[in-house]
Amino acid sequence: KNAVAHLPEGIRNNNKLVAETIRSNVRKLIVDRRTVNPAYYDNMSKILEELIEKCKSDSENYQKYLERLTELAKQVEDPSAGASYPDLINTNALVALFDNLEKDENLAIEVNKVILATKKDNWKNNPMKRREVRNAIKTVIDDDELIDSILEIAKEQDDY
């Protein structure tokens, strides 16, 4: 409701325009943030598409549709909203690792530990330092494709 109040009056008074504006903003956020946690934002994208399809096929109550869209927007904005993570998965980096390592808490914690123990200043921009982090991840994960994926996710984390 707060978000709708900030829209221009011409949009705010038209439910279809409100929904389209929210939908567009949610889609943009999903695209912009996908590199931080691909598994999570791919799921959010899927939920958005399902919501759009449901609205088209059911022509359900538009107010209910707007409420669901707004709730999805909150989850896209703040992944911890409405999500339940194990107690030890308590940083954005750990959440991203957990989501992208098939919800394996122990593996996420181990990968986090080796990254924290290995990373050096400016590691994200230095090929040699990045290789050291990749090799550290390799001590925990033996799948090269997954290692590269996790390294890319780690590079996007402010925690590292």
Length added when fully stretched, Lys56-Ser84, from 0.36 nm per residue minus Cα-Cα: 7.1 nm
- request: Considering only Ala73, Ala83, Ala39, give the residue with the highest GNM mean-square fluctuation for the chain, with springs between Cα atoms whenever their separation is below 10 Å.
  value: Ala83
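Leaving out ligands, DNA and RNA, what percent of the accessible area of the chain is carbon and sulfur, probe 1.4 Å? Show your work: numbers first, answer last.
Working: 4590 of 9700 Å².
It is 47 percent, rounded to a whole number.
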task: Using only Cα atoms, find the angle between the long axis of helix 62-77 and the longest principal axis of the chain, and express it within 0 to 90 degrees, rounded to the nearest 10.
output: 20 degrees
query: Rounded to the nearest 0.05, what FRET efficiency is calculated for Asn14 and Lys103 with R0 set to 41 Å and r the Cβ-Cβ distance?
result: 0.50
field: For the chain, with +1 on Lys and Arg beta carbons and -1 on Asp and Glu, the positive-most of Asn92, Cys55, Asn13 along the dipole
entry: Asn13
- request: Over all alpha-carbon pairs in the range 24-128, figure out the percentage whose distance exceeds 18 Å.
  value: 57 percent
- request: Starting from the Cα of Ala117, step 7 Å toward the Cβ, then list every residue of the range 124-160 with an amide N under 16 Å from that point.
  value: 132-142
- prompt: What would the Debye formula give as log10 I(q)/I(0) at q = 0.20 Å⁻¹ for the alpha-carbon point model of the range 94-160, no solvent?
  reply: -0.70
query: Relative to the first principal axis of the alpha-carbon coordinates of the chain, what is the inclination of helix 105-118, with its axis defined by its Cα atoms, in degrees from 0 to 90 and to the nearest 10?
result: 60 degrees
- prompt: Using a 1.4 Å probe, what is the accessible area per residue for the chain, in Å²?
  reply: 61 Å²
- prompt: By how many degrees, between 0 and 90 and to the nearest 10, does the Cα long axis of helix 15-33 differ from the longest principal axis of the chain?
  reply: 10 degrees
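The values are calculated or read from the model by the stated rules, or taken from the named source; none is laboratory data. Nothing here was measured: the structure is a model prediction, and the numbers come from that model. Neighbour counts run over all protein chains shown; Cβ positions are idealised from the backbone, glycine included. Surface accessibility is based on the protein's heavy atoms, side chains included, excluding ligands, DNA and RNA. Shrake-Rupley method; radii C 1.70, N 1.55, O 1.52, S 1.80 Å.
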